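The values are calculated or read from the model by the stated rules, or taken from the named source; none is laboratory data. Every value quoted in this text rests on a predicted model; they were computed, and no experiment measured them. Here the Cβ positions follow ideal geometry from the backbone for every residue, glycine too, while neighbour counts run over all protein chains shown. In case anyone asks, the SASA skips ligands and DNA or RNA and just uses the protein heavy atoms, side chains included. Shrake-Rupley method; radii C 1.70, N 1.55, O 1.52, S 1.80 Å.
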Amino acid sequence: MQSNLITIPELYASGHDIQKTKIKAAELLSWDLTPRQICDLELLMNGGFNPLKGFLTEGDYNSVVENMRLENGKLWPIPITLDVSQCFADLLKIGQNIALRDQEGVILATITVTDRWLPKKKREAVMVFGADDLAHPAVNYLYNQAGPVYLGGPVTGIQQPVHYDFRNRRNTPNELRAYFRKMGWHRIVAFQTRNPLHRAHQELTFRAAKETQANLIIHPVVGMTKPGDIDHFTRVRCYEAVLDQYPSSTTAMSLLNLAMRMAGPREAVWHGLIRANHGCTHFIVGRDHAGPGKNSAGADFYSPYEAQELFRNFQDEIGVEMVDFKHMVYVQERAQYEPADEVEDGFNVLDISGTELRRRLSEGLDIPEWFSFPQVVAELRKSRPPRAKQGFTVFFTGYSGSGKSTIANALMIKLMEMGGRPVTLLDGDIVRKNLSSELGFSKEHRDLNIRRIGYVASEITKNGGIAICAPIAPYATTRRAVREEVEAFGAFVEVHVATSIDECERRDRKGLYKLARAGSIKEFTGISDPYDMPVAPELRLETEHVEVDNCAHQILLKLENMGLIGA
Ligand code: PPS
């Protein structure tokens, strides 16, 4: 049998052992996996990350970071690590087994911890992601979400993570291999995507299959993609609509529960290895494959063809052949799609970029039929209504006494007067009374407080409401985390109430500055505690000699300008 069709090793305990492992695991110290770790664990256990046998050991990690290889020399470009908190790591002894649980507490696997170490995160950022820059989503994750300690060791699988959605569309590598065997498919080209498919994608994948004389597997990522991407529920409904456009029995679709890192060239090689494990023989790699967008200086993280070059260099080791992703454009005179570099001069070529598509969706403008399929556009319009109908968050930040609450109140009233969406005010003092009464003002407590506000605001935004938040929120990284959480569902409008500390102290409405100066209130923002000035808020308000009404009006103008409220 062809090697891409035979069964590959999985890490699950075998039938008889599974019950014993499960019973023993219940007594072990356990770690609650993060969403990203759950995705990684699923692909470790089902062989998607073959030849890995567990989370990387320190030696393998160093070797992967430095050389894209495991210590035994096998190609592996992305560190698959189990990051944990310091206090959890302190509870452990090397050699100990721990249970790995999902977020509901279900035990998915055990790991025998052979290694525990403090990674050099800067080195990981530079070597793996190419830059020590928080604008890269995986670098931001590394510093601001991943725990400080890494654990490594072999994993024994007990059960795969439970998915309630699109079950018939999810396949393990061995299930896909069995499917290809059953269908008699020997050459299979995989298409990886984290975006909805439009006509150009359908054309290019169809051509790729024809050119390579292979069957096509649309293999979209439904684990974790780039923050701000269209949710996978919407995307899968779109993919299902596009699937009908291919000749029947030539094309299949399967969902991949991968947590992407957006690591460009290294990620392309990783995607190739994963597809090889899933029985594919060819893989489509495009311009800027798994690109993370712009860095903090506004430039691209990777050059457009870096991913293709790296993939080509390792093609033999990966075990799948690369197929160039052709940039397809619509040739108006011929009413069909063609590769951009094959269109002769003089023809009228049409294209709509991702940014333009988002603009049209958010403004409720026409999306032509030559660009996408009507069912796809209808699905997208359902999940991305025009901006003036979406929820959003206005997030005030500034010193105590800067005027945040007063302006936030005025804004709330004006928005309620306009009507259309429910408005909720999460004022600093109110939140501390109702949600965070046990918290003080240490960095840790302030962060927790702001994250709670962020969580509530993101839920309100998701459900189409307006959240107005008015805490001090002194730390830039925490504000950024809240921004990301909210932006998954709607706009985040940061308003810096830029009243100077001198003016706040002069006003001293609550008499707190006096107490802070006297030392009776500790950790007081601006006096004995830091405040990171917002660098690029959507709006900066000067309040000295400006009426509250005028400040609120400036915000309304900004919201109107952003298309969030009607003119
Ligand atoms: S934070 O940092 O965002 O969690 O702060 P926040 O929840 O907005 O709470 C700020 C209000 O608490 C009062 N207060 C203090 N502020 C700053 N530092 C210290 N140590 C402190 N102790 C009490 C103060 O009244 C703040 O309210 P505002 O509305 O900002 O004046």
**OP:** Could you please find all residues in the range 156-196 being at pLDDT below 95 and aliphatic (A, V, I, L, M)?
**Re:** Val162
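For every residue, the table says whether it meets (1) under 25 Å from Ser383 (Cβ atoms); (2) at pLDDT 95 or above.
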{"site": "Ser442", "(1), (2)": "no, yes"}
{"site": "Arg446", "(1), (2)": "no, yes"}
{"site": "Val456", "(1), (2)": "yes, yes"}
{"site": "Thr461", "(1), (2)": "yes, yes"}
{"site": "Pro471", "(1), (2)": "no, yes"}
{"site": "Ala476", "(1), (2)": "no, yes"}
{"site": "Arg479", "(1), (2)": "no, yes"}
{"site": "Gly490", "(1), (2)": "yes, no"}
{"site": "Val497", "(1), (2)": "no, yes"}
Original post:
Checking Val535 against (1) in contact (Cβ under 8 Å) with a residue 60 or more places away in the chain; (2) among the β-branched types (Val, Ile, Thr); (3) more than 14 Å from the ligand (Cβ to nearest atom), which test does it fail?
Top reply: (1)
Original post:
Residues in the range 83-106: is at least one out of contact with any strand residue (DSSP E or B) (no Cβ under 8 Å at 6 or more places or on another chain) and surrounded by 15 or more Cβ atoms within 10 Å (Cβ to Cβ)?
Top reply: no
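Could you tell me whether the range 518-531 includes any residue that is surrounded by 15 or more Cβ atoms within 10 Å (Cβ to Cβ), within 16 Å of the ligand (Cβ to nearest atom), of a type in the set (Ser, Thr, Tyr) and within 24 Å of Leu448 (Cα to Cα)? It would help to see each step written out before you state the result.
If we filter the range 518-531 for residues that are surrounded by 15 or more Cβ atoms within 10 Å (Cβ to Cβ), which is where we start, we get 521, 523-527, 529, 531.
If we keep only those that are within 16 Å of the ligand (Cβ to nearest atom) as well, we get 521, 523-527, 529, 531.
Retained after the next criterion (residues that are of a type in the set (Ser, Thr, Tyr)): 525, 531.
Filter again for within 24 Å of Leu448 (Cα to Cα), leaving 525, 531.
Looking for residues that are surrounded by 15 or more Cβ atoms within 10 Å (Cβ to Cβ), within 16 Å of the ligand (Cβ to nearest atom), of a type in the set (Ser, Thr, Tyr) and within 24 Å of Leu448 (Cα to Cα), one finds at least one in the range 518-531, hence yes.
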**OP:** Scan the range 210-247 for residues that are open to solvent by less than 10 Å² (accessible area, probe 1.4 Å) and of a type outside the set (S, T, N, Q) and jot them down.
**Re:** Leu216, Ile217, Ile218, His219, Pro220, Val221, Val222, Arg235, Val236, Cys238, Tyr239, Val242
**OP:** Give me the pairs, please: first residue somewhere in the range 23-38 and farther than 11 Å from Ile107 by Cβ and at pLDDT 95 or above, second residue anywhere and among the aromatic types (Phe, Trp, Tyr) and surrounded by 13 or more Cβ atoms within 10 Å (Cβ to Cβ), beta-carbon distance under 9 Å, and either six or more positions apart or on two chains.
**Re:** Leu29/Phe88; Arg36/Tyr141; Gln37/Trp31; Gln37/Phe55
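A quick yes/no check of all residues on (1) of a type in the set (S, T, N, Q); (2) crowded, with 19+ Cβ neighbours inside 10 Å:
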residue	(1), (2)
Met1	no, no
Ile6	no, no
Tyr12	no, yes
Glu27	no, no
Ser30	yes, no
Asp40	no, yes
Leu43	no, yes
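If a residue counts only when it is away from the ligand (no atom under 16 Å from the Cβ) and in contact (Cβ under 8 Å) with a residue 60 or more places away in the chain, which strands (runs of 3 or more DSSP E) contained entirely in the range 410-500 have at least 1 such residues?
In the range 410-500, 466-470, 491-497 are the strands (runs of 3 or more DSSP E) which contain 1 or more residues that are away from the ligand (no atom under 16 Å from the Cβ) and in contact (Cβ under 8 Å) with a residue 60 or more places away in the chain.
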Subject >> the range 409-427, residues that are of a type in the set (Gly, Ala, Ser) and either touching a Ser or Thr at 6+ places or on another chain (Cβ under 7 Å) or at pLDDT 95 or above (or both) >> reply: Ala410
**OP:** Please indicate, with yes or no, whether at least one residue in the range 7-22 is modelled with pLDDT of 95 or more, in contact with a strand residue (DSSP E or B) (Cβ under 9 Å, 6 or more places away or on another chain) and assigned to a helix (DSSP H, G or I).
**Re:** no
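Condition check ((1) under 23 Å from Glu267 (Cα atoms); (2) in a helix (DSSP H, G or I)) across all residues:
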| residue | (1), (2) |
| --- | --- |
| Gln103 | no, no |
| Arg116 | no, no |
| Val126 | yes, yes |
| Tyr141 | yes, yes |
| Tyr150 | yes, no |
| Thr156 | no, no |
| Asn168 | no, yes |
Original post:
Limited to the range 501-510, what total is found for residues that are under 21 Å from Arg446 (Cα atoms) and within 11 Å of the ligand (Cβ to nearest atom)?
Top reply: 2
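One line per residue, one yes/no per condition, for (1) open to solvent by 60 Å² or more (accessible area, probe 1.4 Å); (2) under 27 Å from Ile521 (Cβ atoms); (3) in contact with a Phe, Trp or Tyr (Cβ under 7 Å, 6 or more places away or on another chain):
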site: Leu448; (1), (2), (3): yes, yes, no
site: Arg451; (1), (2), (3): yes, yes, no
site: Gly454; (1), (2), (3): no, yes, no
site: Ser458; (1), (2), (3): no, no, yes
site: Lys462; (1), (2), (3): yes, no, yes
site: Ile466; (1), (2), (3): no, no, yes
site: Ala470; (1), (2), (3): no, yes, yes
site: Phe492; (1), (2), (3): no, no, yes
**OP:** Using the structure shown, decide if Glu71 is assigned to a loop (DSSP other than H, G, I, E, B) and acidic (Asp, Glu).
**Re:** yes
Subject >> Selection within the range 284-314 - open to solvent by less than 50 Å² (accessible area, probe 1.4 Å) and among the hydrophobic types (A, V, I, L, M, F, W, C) >> reply: Ile284, Val285, Ala290, Ala299, Phe301, Ala307, Leu310, Phe311, Phe314
**OP:** Output the residue which, of all residues in the range 403-431 that are basic (Lys, Arg) and more than 20 Å from Arg452 (Cβ to Cβ), is surrounded by the most Cβ atoms within 10 Å (Cβ to Cβ).
**Re:** Arg421
Original post:
What pairs come up if the first residue lies in the range 379-398 and is on the phi > 0 side of the Ramachandran plot, the second is within 16 Å of the ligand (Cβ to nearest atom) and assigned to a helix (DSSP H, G or I), and their beta carbons are under 7 Å apart, counting only those six or more places apart or on different chains?
Top reply: Gly398/Lys404
Subject >> Condition broken by Glu485, with the remaining ones in (1) farther than 24 Å from Lys389 by Cα; (2) open to solvent by 10 Å² or more (accessible area, probe 1.4 Å) satisfied >> reply: (1)
**OP:** Any chance you could count how many residues in the range 537-567 are closer than 19 Å to Pro471 by Cβ and in a loop (DSSP other than H, G, I, E, B)?
**Re:** 3
Original post:
Being within 16 Å of the ligand (Cβ to nearest atom), under 16 Å from Val482 (Cβ atoms), in contact with a helix residue (DSSP H, G or I) (Cβ under 9 Å, 6 or more places away or on another chain) and of a type in the set (D, E, K, R), is that true of even one residue in the range 399-406?
Top reply: yes
Original post:
Hey, among the residues in the range 198-224 that are touching a Leu at 6+ places or on another chain (Cβ under 9 Å) and in a loop (DSSP other than H, G, I, E, B), which one's nearest to Leu243 (Cα to Cα)?
Top reply: His198
Original post:
Quick one: is Thr112 of a type in the set (Val, Ile, Thr), in contact (Cβ under 8 Å) with a residue 40 or more places away in the chain and open to solvent by 20 Å² or more (accessible area, probe 1.4 Å)?
Top reply: yes
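Residues being touching a strand residue (DSSP E or B) at 6+ places or on another chain (Cβ under 9 Å), modelled with pLDDT of 95 or more and of a type outside the set (A, V, I, L, M): count how many of those fall in the range 293-331.
Qualifying residue count, the range 293-331: 10.
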